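One structure is given here, and the rest of the page talks about it.
The values are calculated or read from the model by the stated rules, or taken from the named source; none is laboratory data. Computed from a prediction, not measured in an experiment: that's the story for all the values here. Don't worry about glycine lacking a Cβ; one is built from the backbone with ideal geometry, like all the others, and counts go over all protein chains shown. Ligands, DNA and RNA are excluded from the accessible area calculation, which covers all protein heavy atoms including side chains. Shrake-Rupley method; radii C 1.70, N 1.55, O 1.52, S 1.80 Å.
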Amino acid sequence: MSTSSTSIPADVAAHVLFHYGREGGYQAGGFTELIISAIDRADPANKAKLELGFPEYVAAVNAIQYSPNGIEHLQSIVRVGAAA
């Protein structure tokens, strides 16, 4: 699990929320859905490799998987992005 402080854009937060069936999300395109699914299922070594190409998505998946307030954090990113 990465502990990086990668900034998560609103669209990335929304895509990950949708993947996990949470409010505030919307579906990504087919390729992006596959990337999110791969990150979701990856072991730590492979997740680290995926992070090289998709750091924002790994940060968002890590937030929802490991942070007690990860869902709320991603939802707040989406709200702020929608207000901008």
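At a probe radius of 1.4 angstrom, the accessible area of the chain per residue rounds to 58 square angstrom. Taking each DSSP H run with n ≥ 4 as -39500 (n - 2.57) and averaging over every residue of the chain yields -21000 deg cm²/dmol at 222 nm.
Just checking the listed ones, Ala59, Ala14, Ala48: in the Gaussian network model of the chain with Cα springs under 10 Å, the one fluctuating most is Ala48.
Here the simple spin-label model places points 7 Å from the Cα toward Cβ, and for Glu33 and Asp11 these points are separated by 1.7 nm. Comparing Ala42, Ala60, Ala13 in a Gaussian network model of the chain (Cα springs below 10 Å), the most mobile by mean-square fluctuation is Ala42. Shape annotation for the chain: C-alpha extents along the principal axes are 36, 27, 20 Å, from largest to smallest.
Surface composition of the chain: carbon and sulfur atoms hold 56% of the protein heavy-atom accessible area at a 1.4 Å probe.
Of the candidates Gly21, Gly70, Gly29, which one comes out as most mobile in a Gaussian network treatment of the chain with C-alpha springs shorter than 10 Å? Among Gly21, Gly70, Gly29, the largest mean-square fluctuation in the Gaussian network model of the chain belongs to Gly29.
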